[in-house]
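Values quoted throughout were computed directly from the atomic coordinates according to the rules given, and no laboratory measurement underlies them. Note that the structure is a prediction, hence the values are computed from the model and not measured. Ideal geometry is used to build each Cβ from the backbone, glycine not excepted, and the neighbour counts take in all protein chains shown.
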Ligand code: URP
Ligand code: ZN
Ligand code: ZN
Ligand code: ZN
């Protein structure tokens, strides 16, 4: 990264989730120090101050990708984009780590296959209290590997609530997927279309409702990762209208493309779209999810970035169940959401900031240090040209993977300058990041945005027994007719 410096971002339209204003932003020592009109008199050029002209441009809080898998060991392979690629493409991301039934959680961090064993409950507590991990994802899919059953989910959600973490689920019915996969293979369907056919929308929607029901029984906040279907999104929207504390995360893939690609004639093209839950063949899905994101039924956006090259996908060339699951997204999330959300007229610039940054900062307890341009906040800022366009392509992207699911998409909304903790890390097509520049930000438990209502409900909504006079009449002897 370039040396620390003082920056003045001059004359841009500063956009937060609740307000836009034309202002200068002064950055010093990694934080925002002042916001206001004409912070620098015309003609003044103080030594050591770099001025970035943002007139006619937007000045946005840095994006927060809620869901990535960098250098992730999965399905017999390891995802090819690592933390360095991730740092190049993103200001912030919440990376998931994985552990299997026998692994210690402390080796990886915040993603686990969960059982209600005491040691895992203890390790979750250590992670939440001492290591800055405040979210745990449980799988309802991947039978015999990561899948947890309802009683284990109940135990995991109970522990999340106890330690002030947010419970996350991969919501798909693993038993039905296993049966569906057998059926497709028996029908001779071995290609990527089998991946969607064996796990239709209802498989995602059923698990989504089940997870919400269990979380509600525990009064634990719940976060549904990678919402892929209209059916699952409707379940989340209904639950929120019923008052549940539940958040839904569509991803760049589900907002930007669809599952018709599984029927593509070229095997590698179809295989590169394989992820779980799958993209849906209903082409109205991205519009539907974007509308729900725009109106508040869905809350954040991630990517689930988990990339495998064609030769890795080819592990499943004769059997779709062996194709490593995962697609790209980190580099293109902001542009795809701007194009399909803001340029299309579904949401405004403030809602864009909410769903790409602010809401994630609130849910994961980083707000207002992250997710807002305000005095005292970290200077994670993007100077954004809403009118410029770029065409997404694997030939020009900065990811290691050799395919891009958004190939050929023309997007309005182009980042001109990216500033991370007060340093310019990207400008005019040139990155200034080195391996190791990324920094882990510990997150505290009991995020108020999530837990205020939970705590209040525990105080006021816990059922109490009805006061009655004791029953004094006859009681039969057990087993006797009388
Ligand atoms: O297919 C996917 N989603 N790969 C990454 C692992 C996961 O389930 O999030
Ligand atoms: Zn998942
Ligand atoms: Zn295509
Ligand atoms: Zn994932």
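Using alpha carbon centroids, what distance separates region 163-209 and region 450-471, in Å?
Cα centroid of region 163-209 versus Cα centroid of region 450-471: 37 Å apart.
Apply the Debye scattering formula to region 304-382, with a single equal point scatterer on each alpha-carbon and no solvent, then give log10 I(q)/I(0) at q = 0.12, 0.16, 0.24 Å⁻¹.
At q = 0.12, 0.16, 0.24 Å⁻¹ the computed log10 ratios are -0.54, -0.75, -1.07.
Listing 357, 434, 158 from the residue with the fewest other Cβ atoms within 10 Å to the one with the most, what is the order? It would help to have the intermediate numbers written out before the result.
Values: 357 32, 434 10, 158 17.
Exposure proxy ranking, most exposed first: 434, 158, 357.
Give the order of 409, 334, 347 when sorted by the count of other beta carbons within 10 angstrom, beginning with the fewest.
Details: 409 18, 334 27, 347 21.
If I rank by nearby Cβ atoms, fewest first, I get 409, 347, 334.
Where both partners of a DSSP beta bridge lie in region 335-482, what percent of those bridges are antiparallel, to the nearest 5? Don't skip to the end; give the middle numbers.
Values: 14 of 14 bridges.
Here the antiparallel bridges make up roughly 100 percent for region 335-482.
Contour minus end-to-end for residue 129 and residue 475, with contour as 0.36 nm per residue of separation and end-to-end as the Cα-Cα distance?
Details: separation 346, 0.36 × 346 = 124.56 nm, distance 5.19 nm.
Fully extending the segment from residue 129 to residue 475 adds 119.4 nm.
Quick check: Cα centre of region 301-371 to Cα centre of region 227-288, how many Å?
12
For the chain, what does the helix formula give at 222 nm: sum of -39500 (n - 2.57) over DSSP H segments with n ≥ 4, over the residue count, nearest 500 deg cm²/dmol? Present the calculation step by step, with values, prior to reporting the outcome.
Values: 15 runs with 135 residues, N = 482.
After summing the helix terms and dividing by the residues of the chain, the value is -8000 deg cm²/dmol.
What is the antiparallel percent of DSSP beta bridges lying wholly in the chain, to the nearest 5? Mind showing how you got there, number by number?
Numbers: 33 of 59 bridges.
So the antiparallel bridges in the chain amount to around 55 percent.
So how tilted is helix 201-218 from the main axis of the chain? Cα-based, degrees 0 to 90, rounded to 10.
The answer is roughly 80 degrees.
Pull out the extension gain between residue 388 and residue 441, defined as 0.36 nm times the separation in residues minus the alpha carbon to alpha carbon distance; nm, one decimal. Mind dumping the intermediate values first?
On the way: separation 53, 0.36 × 53 = 19.08 nm, distance 3.25 nm.
Length gained between residue 388 and residue 441: 15.8 nm.
FRET efficiency for residue 71 and residue 322, Cβ-Cβ distance as r, R0 = 25 Å, nearest 0.05?
Values: r = 21 Å, r/R0 = 0.83.
So the FRET efficiency works out to roughly 0.75.
Within the P(r) computed for region 182-307, what percentage of the Cα pairs occupies the region above 21 Å?
Values: 3147 of 7875 pairs.
Across region 182-307, Cα pairs with separations above 21 Å total 40 percent.
Against the longest alpha carbon principal axis of the chain, how many degrees, from 0 to 90 and to the nearest 10, is the axis of helix 448-460 turned?
30
With r defined as the distance between the Cβ atoms of residue 29 and residue 395 and R0 fixed at 35 Å, what FRET efficiency is calculated, to the nearest 0.05?
On the way: r = 39 Å, r/R0 = 1.12.
Efficiency, rounded to the nearest 0.05: 0.35.
Using DSSP, restrict attention to beta bridges with both residues in region 1-58 and report what percent are antiparallel, rounded to the nearest 5. Walk me through the numbers before you get to the answer.
Details: 12 of 18 bridges.
Of the beta bridges lying entirely in region 1-58, close to 65 percent run antiparallel.
Can you put 416, 26 in order, fewest other beta carbons within 10 Å first? All intermediate terms of the calculation are to be shown ahead of the outcome.
On the way: 416 17, 26 21.
The order, fewest Cβ neighbours first, is 416, 26.
By how many nm would the segment from residue 456 to residue 311 grow when fully extended, if each residue of separation counts as 0.36 nm and the alpha-carbon distance is taken off?
On the way: separation 145, 0.36 × 145 = 52.20 nm, distance 5.23 nm.
Additional length available on full extension: 47.0 nm.
Given the chain reduced to its alpha-carbon atoms as identical point scatterers, what log10 I(q)/I(0) does the Debye formula return at q = 0.05, 0.11 Å⁻¹?
Log10 of I(q)/I(0), two decimals: -0.20, -0.89.
In degrees from 0 to 90, rounded to the nearest 10, what is the angle of the helix 118-130 Cα long axis to the longest principal axis of the chain?
30
Roughly speaking, what is the centre-to-centre gap between region 399-423 and region 1-47 when only Cα atoms are used, to the nearest Å?
If you average the Cα positions of each part, the centres end up 24 Å apart.
Which shape class applies to region 325-371: rounded if a/c is under 1.5, otherwise prolate when a/b exceeds b/c and oblate if not, where a ≥ b ≥ c are the square roots of the Cα gyration tensor eigenvalues? Write down the numbers at each step before the final one.
Working: a/c = 2.76, a/b = 1.19, b/c = 2.31.
Because a/c hits 1.5 or more and a/b fails to exceed b/c, region 325-371 counts as oblate.
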